[in-house]
Amino acid sequence: MRSVVIGGGHLAYFVVTTLREIDPKGRIIVIEFTFEKVEMLKKTFPYAEAVLSSIDKVEEYITENRSLIDVLVSATDSDALNLRYAKHSIKNEIPIVVAILNNPLNEPIFVKENIRYVINPYKTIISKVKEIVDKFRVNIIYEFSRINAGIYAFKIENAEILRKVRGLILKNDLPFFIVSSADNRIRAGSVGDIQIGDVVCISCLDKDIRSFLERIREGGS
Amino acid sequence: MDVSVVFPSKNRERYVRKAICTAFKARHVREVIIVDGGSTDNTVEVALKENAKVIIQSNLVYPGKGVAMRDGAYLSSGDIIVFADIDIANLTPQFIEKLYMPIMMGEAEFVKGCFGRAAGRVTELVAKPLLRMFYPELARFKQPLSGEIAGLKKVFYQVEFENGWGVDIGLLIDLYKMGVRIVEVDLGFKEHEMKPLHALTDMAYQVAEAILKRAVRDRKIDEAWAKRYISAISEIDLGGAGYA
C-alpha cells in the first residue's frame, strides 16, 4: 500500500503510526512545507519518506502520482488546505481520500464537497462527556465510516422507551448488548432481559437509528 | 490575472451579502471567500447563498484574524488575493480594484491600503514607535496595521501568518525583508465600526509581540530584553475600567 500524508503536525503523527501498523511493508510519504519539520519527520519516522514541498506544488504531486497512491490523508493544520487537497485527490480518483479536521464546525462543508471520509478528532469528546456525565442517555458510541452504521446507546428511562427499543431490535433483528444498571456490567441476552434503568447498546444503520430517534422525539411508536 | 477576495468574518450577517455582491462586481474578481470565526448568527448561511466559498477558520481561538487570513489565502485559487474588512459600510467595487490595480500594472507585488483619516490608537501609540525603533524604513507607511491589503498569491505563500492581530504588521515586515515590492494606496474614506476600547489592549499586545519577535529574529534586539518589553506591554490596559 502506498500512502501519502500531507502535514507534519500532531494529527499526522497519529496517521503515520497507524498506517505503519496497518501495513508495515507499505510505503508512506509525508509531505511537509517547512524544512525544519521535514528534518524532524525524518528522525521521527525513519521508515517513511519526508518530502519538502511548497503549498502550491502538492496538487501537482498528487496528479503526477495519482496511479500510484492508494491512500491520501490530508492532515495539515489548515482546514482550507485539507479541503483543497482532498477535493483535488477525489478529482484525481485516489481510491481512499481522508481529511482530518482542525475545526469540527467545518464538517458539513467537507461533506458537501463529497469528501466521504472526514475525521473529526473532537467527536469523541461529545460521546465521552455524554457517557460520563449523562450516563449514556442517548449516545453515539462508535460510527463506522465505510458503511454508515454505528453503535448507539439508549438509557431505558421508562416503560415507553423500553417498549420502543425492544420493538426496534426485534423489527430489524439487530445485534445488541446490555449495560446493567444493577452492577454496571455488560451482558448479552434477549430483549426480554432488558430492564428499566439499563443501557442498551445497539448496532445498526445510521438511517434506521435517526428515524427511530425522530419517532421517539415525536412520541410516536 | 484572476483575483480572489477574502473577508475574515465573525457574526457579520448584516454586512456579508453586500460585501460579497460588491466584491463580485469588481473587475477580475473570480471568487469571494468568507473565512468565518465561528459565527452564531447567519453569516455562513448568507455567504453560501451568495455563492461565496466558505471555510470556518482552523482554530476557534479568538481573535484569530491571522488564522482566518491564512485559511483564506490557502483556499483561494486566484493569482492575486485581496483581504478586506467585511464591515466597511461604504465598500465599492472601485475600493477593491484600487487595492489590486498596482499589482495588475506590475508596479507592486504587495499593496497596503490607507485611508483619509487619522490612524488608530494602536497604530500611533504602539506600531509606529516600534517601527521607528526597529524598522525605520517602514515608518513611511501611514497605516501599517491596515487590514485592507492585496498581494500576489505566491508572495503570501512564502510567509508565516501570525495567528491574531499581529498578522498585518507581521506580513508587512516579512514581505519587506523578502524584498517584495510594496506600495501604499489611499483608498479614500473608510466607514466602519470602531473596535471597542477593551479590544485594543489585546490588539496592542499582539502587534507589539509581532514586531519584537521579528526584531529578535533580525538581530535588532536582545531576546531577553524583548521578553521584558512584551511583559511590560501586557500590563498596560488601553481600554480598562477607567475608560469605560
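Any chance the stretch A:134-156 includes a residue that's assigned to a helix (DSSP H, G or I) and in contact (Cβ under 8 Å) with a residue 12 or more places away in the chain?
no
Taking the residues in the stretch A:96-140 that are more than 12 Å from chain B (Cβ to nearest Cβ) and polar (S, T, N, Q) as candidates, determine which candidate is farthest from A:Asp70 (Cα to Cα).
A:Asn139
Please work out which one of (1) within 18 Å of the chain's Cα centre (by Cα); (2) facing chain A (nearest Cβ under 10 Å) is the condition B:Asp87 fails and give its number.
(2)
Determine whether A:Ile6 is among the β-branched types (Val, Ile, Thr) and touching an Asp or Glu at 6+ places or on another chain (Cβ under 7 Å).
Against the criterion (among the β-branched types (Val, Ile, Thr) and touching an Asp or Glu at 6+ places or on another chain (Cβ under 7 Å)), A:Ile6 does not qualify.
Go through the stretch B:87-127 and give me each residue that's among the aliphatic types (A, V, I, L, M) and over 30 Å from B:Ile230 (Cβ atoms).
Correct list: B:Ile88, B:Ala89, B:Leu91, B:Ile96, B:Leu99, B:Met101, B:Ile103, B:Met104, B:Met105, B:Ala108.
Is it the case that B:Phe156 is modelled with pLDDT of 95 or more, in contact with a helix residue (DSSP H, G or I) (Cβ under 6 Å, 6 or more places away or on another chain) and buried (at least 16 other Cβ atoms within 10 Å of the Cβ)?
It is true that B:Phe156 is modelled with pLDDT of 95 or more, in contact with a helix residue (DSSP H, G or I) (Cβ under 6 Å, 6 or more places away or on another chain) and buried (at least 16 other Cβ atoms within 10 Å of the Cβ).
Go through the stretch A:63-95 and count every residue that is away from chain B (no Cβ under 14 Å), crowded, with 22+ Cβ neighbours inside 10 Å and assigned to a helix (DSSP H, G or I).
Total satisfying the criteria: 1.
Evaluate the following for A:Thr34: is it over 15 Å from A:Tyr117 (Cβ atoms), β-branched (Val, Ile, Thr), touching a helix residue (DSSP H, G or I) at 6+ places or on another chain (Cβ under 9 Å) and assigned by TED's automatic domain parsing to the domain that holds A:Arg20?
Against the criterion (over 15 Å from A:Tyr117 (Cβ atoms), β-branched (Val, Ile, Thr), touching a helix residue (DSSP H, G or I) at 6+ places or on another chain (Cβ under 9 Å) and assigned by TED's automatic domain parsing to the domain that holds A:Arg20), A:Thr34 does not qualify.
Check B:Ser58, B:Ser39 and return the single one that is within 14 Å of chain A (Cβ to nearest Cβ), buried (at least 24 other Cβ atoms within 10 Å of the Cβ) and in a loop (DSSP other than H, G, I, E, B).
B:Ser58
For the stretch B:121-134, indicate whether the set of residues that are more than 14 Å from every other protein chain (Cβ to nearest Cβ), in a loop (DSSP other than H, G, I, E, B) and of a type outside the set (Ser, Thr, Tyr) is non-empty.
At the first step, the residues of the stretch B:121-134 found to be more than 14 Å from every other protein chain (Cβ to nearest Cβ) are B:121-134.
Subsequent filtering for residues that are in a loop (DSSP other than H, G, I, E, B) retains none.
There is no residue in the stretch B:121-134 that is more than 14 Å from every other protein chain (Cβ to nearest Cβ), in a loop (DSSP other than H, G, I, E, B) and of a type outside the set (Ser, Thr, Tyr).
What's the number of the condition B:Arg14 fails, among (1) over 22 Å from B:Phe156 (Cβ atoms); (2) at the interface with chain A (Cβ under 10 Å from one of its Cβ atoms)?
Single failed check for B:Arg14: (2).
Failed condition for A:Tyr122, given (1) among the hydroxyl-bearing types (Ser, Thr, Tyr); (2) surrounded by 14 or more Cβ atoms within 10 Å (Cβ to Cβ); (3) touching a Pro at 6+ places or on another chain (Cβ under 8 Å), with all others met?
(2)
When only residues in the stretch B:61-102 that are in a helix (DSSP H, G or I) and in contact with a Leu (Cβ under 6 Å, 6 or more places away or on another chain) count, which is surrounded by the fewest Cβ atoms within 10 Å (Cβ to Cβ)?
Residue satisfying both the conditions and the ranking: B:Lys98.
Could you look through the stretch B:172-187, keep only residues that are surrounded by 15 or more Cβ atoms within 10 Å (Cβ to Cβ) and in contact (Cβ under 8 Å) with a residue 60 or more places away in the chain, and pick out the one that is farthest from B:Arg217 (Cα to Cα)?
Within the stretch B:172-187, the subset surrounded by 15 or more Cβ atoms within 10 Å (Cβ to Cβ) is B:172-176, B:180-182, B:184-185, B:187.
Those still in the list that are in contact (Cβ under 8 Å) with a residue 60 or more places away in the chain too: B:172, B:175, B:180-182, B:184-185, B:187.
Working: B:Leu172: 15, B:Leu175: 14, B:Val180: 18, B:Arg181: 21, B:Ile182: 21, B:Glu184: 25, B:Val185: 29, B:Leu187: 33 Å.
This residue is B:Leu187.
Which condition number does A:Thr44 fail, the rest of (1) within 21 Å of A:Tyr117 (Cα to Cα); (2) away from chain B (no Cβ under 14 Å) being met?
(1)
All but one of (1) more than 14 Å from chain A (Cβ to nearest Cβ); (2) surrounded by fewer than 22 Cβ atoms within 10 Å (Cβ to Cβ) hold for B:Asn51; which doesn't?
The failed condition is (1).
Residue check: is A:Gly167 on the phi > 0 side of the Ramachandran plot, touching a Ser or Thr at 6+ places or on another chain (Cβ under 8 Å) and not in a strand (DSSP E or B)?
When the stated conditions are applied, A:Gly167 does not pass them.
The values are calculated or read from the model by the stated rules, or taken from the named source; none is laboratory data. If you're wondering where the values come from, they're calculated on a predicted model, not measured in any experiment. Counting neighbours? That spans all protein chains shown, and the Cβs are built from the backbone with ideal geometry, glycine included.
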